[in-house]
1. May I ask you to derive the FRET efficiency for Glu237 and Thr186 from their Cβ-Cβ distance with R0 = 22 Å, giving the value to the nearest 0.05?
2. Quick check for me: using +1 on Lys/Arg Cβ and -1 on Asp/Glu Cβ, what's the dipole size of the chain about its Cα centre, in debye to the nearest 20?
3. Taking K and R as +1 and D and E as -1, what net charge do the other residues with C-beta under 13 Å from the C-beta of Lys50 add up to?
4. Could you give the alpha-carbon Rg of the chain over 2.2 N^0.38 Å, rounded to two decimals?
5. Set Lys and Arg Cβ to +1 and Asp and Glu Cβ to -1, take the dipole of the chain about its Cα centre, and tell me which of Pro62, Val118, Ser190 lies farthest positive.
6. At 7 Å along the Cα-to-beta-carbon direction for both Asp343 and Asp48, put a label point, then send me their distance in nm to one decimal.
7. Which of Ser347, Ser187 comes first, and how do the rest follow, when ranked by fewest Cβ neighbours within 10 Å?
8. Mind sorting Val264, Val284 by how few other Cβ atoms lie within 10 Å of their own Cβ, fewest first?
Amino acid sequence: MAPSVSETITEQVSNGFAKLNLKQEKEKPVPVDNGPSYPFYFPYFDVDEKFPPTELFEHTDPGSRADKAKPHLLTPETTVNHLSPFIGSEVSGVQISKLGNEGLDELALFAAERKVLVFRDQDFKDLTPERQIEIARHVAIWYFGPIQRHPTSGNVKGFPEFHVVYRDAQNDRFKEYIGGDRANRTSWHSDVSYEKQPPGTTFFFLLDQPSWGGDTLFLSQAEAYKRLSPEFQKRLEGLRAVHSAVPQADHSRKRGGPVRREPVETEHPVVRQHPVTGEKALYVNQGFTKRIVGFRDEESEFLLKFLFDHIAKGADYHIRATYKPGTVVVWDNRLTVHSATGDFDTSERRHAVRLTPQAEVPIPA
Ligand SMILES: [Fe+2]
């Protein structure tokens, strides 16, 4: 049985999370609050938790064995509303937890084609954690393969596969991470792209949401690539860039948080190809990409600045995923970047969980 709120909070005090915020609590009175609706998923930080280096594994995407017509996912009861010509579809009338193997394979393919799927009215958050992990693993990894265990973020005690996103009146790690003096909080990134096998099809669901705001912005990196001229595309193909976990680890260390695995720096192709659809996409992001391999510093800065600006300005190939109780968002992390929107009232709680299965070593275009 999941522990009660008071038990969980006490436990967190002894494990570092609340301890890190004692100073804040003194400065700001704690408002009366019933606590998180799903205390089992309260972010858990154990500075002594350690993971070995990530090992390579053979990955085959389940979307490659799906029926292209998707008869198990897109039944007559299913409604699909596209959110943009280039990215994003809202799906209702289907329950992810009831899909069999074929349906989950089709979900993987559909996520690759549409980049982001916003499923409404799901019972996903009320499944057991084991079942949530089983579904995410099936959709993203053909045979056995790992769900990424985040080196620094909050996870769930006993279930390091869960990456917990949490903010309430006393805790605002997002602001701490991107900096408190920024004019805006937009921060485009592709999750943990520093991994040798970065995530593919990713699951995200909310447990508590603010009254309004807290949407997620998603942008098609495939369309960002297509908008470039053929000459420029040719120049980018073959280039590689370094993605670094170091700043994230340094930040965690500085605030007394965990670094469960030594940070890695990994080279990935600047343009990658999707293993199932063959679609090409830019694979650089402002969050983790640090330099172009083989370029002088100024050249690298110049090119990355152009690409980051190009991506950030892509309002005509982006969507805003909104949340309602029961929403589950599934996206393909290989073809997209996303950003949280830190626009909601600081007194409100937003509590979400991500399952981030790792995928193939990026295929150069
Ligand atoms: Fe993210």
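1. About 0.20, to the nearest 0.05.
2. Numbers: 46 positive and 51 negative charges, 121 e Å.
Dipole size: approximately 580 debye.
3. It works out to a net charge of -1.
4. My calculation over the Cα atoms of the chain gives 0.96.
5. Positive-end residue among those listed: Ser190.
6. Distance between label points: 4.4 nm.
7. Ser347, Ser187
8. Numbers: Val264 17, Val284 29.
Going from least to most buried by this count: Val264, Val284.
Since every read-out is calculated from the coordinates, none of them should be taken as a lab result. Small disclaimer: the values here were computed from a predicted structure and weren't measured. Using ideal geometry, Cβ is built from the backbone for each residue, glycine included, and neighbour counts are taken over all protein chains shown.
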